[in-house]
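A short worksheet on the structure shown next.
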């Protein structure tokens, strides 16, 4: 049974594999990470863990029973009870409810743990699947997201307001 796990150093090989195998798939809907991401993956991964340790961000993987990364779910710019949510799932599990389930789990378990009351996420106009994940998890559209927010694409910002318990207001 897949589970949400807080990013740990032991996840590095599986995360790198996930990113490599799905690179072209991701580039169809979000900005490509570029060759430098892969060339300097170890450095970048260590920086993510440092940001997480500092409380600036919280990173998660949706891991299968075999340890394979099926998705990545990130809470970034954690401050004053708010955070921005970003996520991506592997091509071979896309369309099977993985993102919806993982975002629900993140909201249920991590929102209260981190003391968050507002989550924000941007989805491009062309990424209807991502928009549906957000809507199914209680996010509502709140305004336009520009190319600077979505790696050159335009879209919509969504928000989800919660109580400390993680339940919707």
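The values are calculated or read from the model by the stated rules, or taken from the named source; none is laboratory data. All of these numbers come straight from a predicted model, not from anything done at the bench. No Cβ is skipped: glycine too gets one built from the backbone with ideal geometry, and neighbour counts run over all protein chains shown.
The table that follows gives values for the structure above.
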item	result
Of all residues making up segment 4-44, the number that are in contact with a helix residue (DSSP H, G or I) (Cβ under 6 Å, 6 or more places away or on another chain) and more than 21 Å from residue 102 (Cα to Cα)	1
Inter-residue pairs, beta-carbon under 8 Å, first at pLDDT 95 or above and in segment 95-109, second part of a helix (DSSP H, G or I) and buried (at least 16 other Cβ atoms within 10 Å of the Cβ), 6+ apart	99/130; 99/133; 100/133; 103/133; 103/134
Among the residues listed as 67, 138, the single one being assigned to a loop (DSSP other than H, G, I, E, B) and under 21 Å from residue 23 (Cβ atoms)	67
Tally of residues being out of contact with any strand residue (DSSP E or B) (no Cβ under 6 Å at 6 or more places or on another chain) and under 17 Å from residue 99 (Cα atoms) across segment 68-82	1
Test: residue 9 is touching a residue at least 12 places away in the same chain (Cβ under 8 Å), more than 17 Å from residue 65 (Cβ to Cβ) and exposed (fewer than 13 other Cβ atoms within 10 Å of the Cβ)	yes
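Here is a yes/no grid of residues against (1) touching a residue at least 24 places away in the same chain (Cβ under 8 Å); (2) under 21 Å from residue 94 (Cβ atoms); (3) out of contact with any strand residue (DSSP E or B) (no Cβ under 9 Å at 6 or more places or on another chain):
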site: 5; (1), (2), (3): yes, yes, no
site: 14; (1), (2), (3): yes, yes, no
site: 22; (1), (2), (3): yes, yes, no
site: 29; (1), (2), (3): yes, yes, no
site: 34; (1), (2), (3): no, no, yes
site: 38; (1), (2), (3): no, no, yes
site: 48; (1), (2), (3): yes, no, no
